[in-house]
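What follows is calculated from the coordinates using simple rules that are stated; it is not laboratory data. Every value quoted in this text rests on a predicted model; they were computed, and no experiment measured them. So basically every Cβ, Gly included, is an ideal-geometry build from the backbone, and we count neighbours across all protein chains shown.
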Amino acid sequence: MNPWGQGRAVIDQMLASGQLERVPPHRDAADALLDKARTHLQSAATLAATDVELAYDAMHAANRKGLTAILLVQGMRPTRDAGHTGVFDAARAQLHPPLGPTLAPYTRIRRARNAGDYLDELPATADDVAADLPLCQAIVDMAAKVVDQMPPY
């Protein structure tokens with residue numbers, strides 16, 4: 001099977017710089033992460049009315065785990081050096097175009113989650129969670145479809 005070509009230069013650079021590391025391709029682990037991501041989204045929906053900050057933690061974790069599943073099936077994972085942005089950078093490099101619009105909310109959700117931790121901005125509301133939850137669901141759904149298409153890197 002040929003390796004995925006789109007974004008190859010970015011992925012090679014991320015591997016060389018230690019932002020990604022190689023691991024054995026692991027479909028079962030990818031599926032487990034996708035299951036956890038779906039659970040996190042259910043938790044976010046439940047928490048929206050009572051704990052918006054924790055709902056954003058759950059949505060960000062769902063997004064991150066969904067995108068990490070794509071890497072795991074390819075035999076890669078983000079390292080601590082990549083932080084929470086590395087998994088997004090790797091996914092975007094490989095999937096945009098055409099999936100950039102689906103991925104786009106990742107960074108804003110991450111920032112909203114961080115804002116809750118550091119009170120950098122006005123606090124998010126339950127209405128914000130309700131608006132962002134379908135966007136996060138779209139990221140996880142996209143990841144679930146893409147794992148079937150990604151060959152080992």
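Residues in the range 24-38 carry Karplus couplings, in order, of x, x, 9, 5, 4, 5, 4, 5, 5, 5, 5, 4, 5, 4, 5 Hz; the curve used is 6.51 cos²θ - 1.76 cosθ + 1.60 with θ = phi - 60°, and Gly or Pro positions show x. A Cβ-based charge dipole, computed about the Cα centre of the range 40-153 with Lys and Arg at +1 and Asp and Glu at -1, lands at about 480 debye. Taking K and R as +1 and D and E as -1, what net charge do the other residues with C-beta under 11 Å from the C-beta of Leu20 add up to? Summing Lys/Arg as +1 and Asp/Glu as -1 gives -2. Summing charges over all other residues whose Cβ lies under 13 Å from the Cβ of Thr107, with Lys and Arg as +1 and Asp and Glu as -1, gives +4.
Annotation for the range 110-153 versus the range 89-106: alpha-carbon center distance of 13 Å. Of the peptides 69-77, 142-150, the order by per-residue mean of other Cβ atoms within 10 Å, starting with the highest, comes out as 69-77, 142-150. Among 112-118, 53-59, sorting by the average number of other beta carbon atoms lying within 10 angstrom of each residue, highest first, gives 53-59, 112-118. Taking 7 Å steps out from each Cα toward its Cβ at Asp35 and Thr85 produces label points 3.4 nm apart.
Coupling constants for the range 43-54 follow from the phi torsions by the Karplus curve (6.51 cos²θ - 1.76 cosθ + 1.60, θ = phi - 60°), and in residue order they are 5, 4, 4, 5, 7, 3, 7, 10, 8, 4, 4, 5 Hz; glycine and proline get x. Taking every alpha-carbon pair under 8 Å whose residues sit at least 6 apart, the chain reaches a relative contact order of 36 percent. Each other residue within a Cβ distance under 13 Å of Pro98 adds +1 if Lys or Arg and -1 if Asp or Glu, for a net charge of +2. Each 5 Å bin from zero up to the one holding the largest Cα-Cα distance in the chain carries the following percent of pairs: 2, 10, 20, 22, 19, 13, 8, 4, 1, 0. 3J(HN,Hα) along the range 98-115, derived from phi through the Karplus expression 6.51 cos²θ - 1.76 cosθ + 1.60 where θ = phi - 60°, amounts to x, 9, x, x, 5, 6, 3, x, 3, 5, 5, 5, 4, 5, 5, 5, 5, 4 Hz, with x in place of Gly and Pro.
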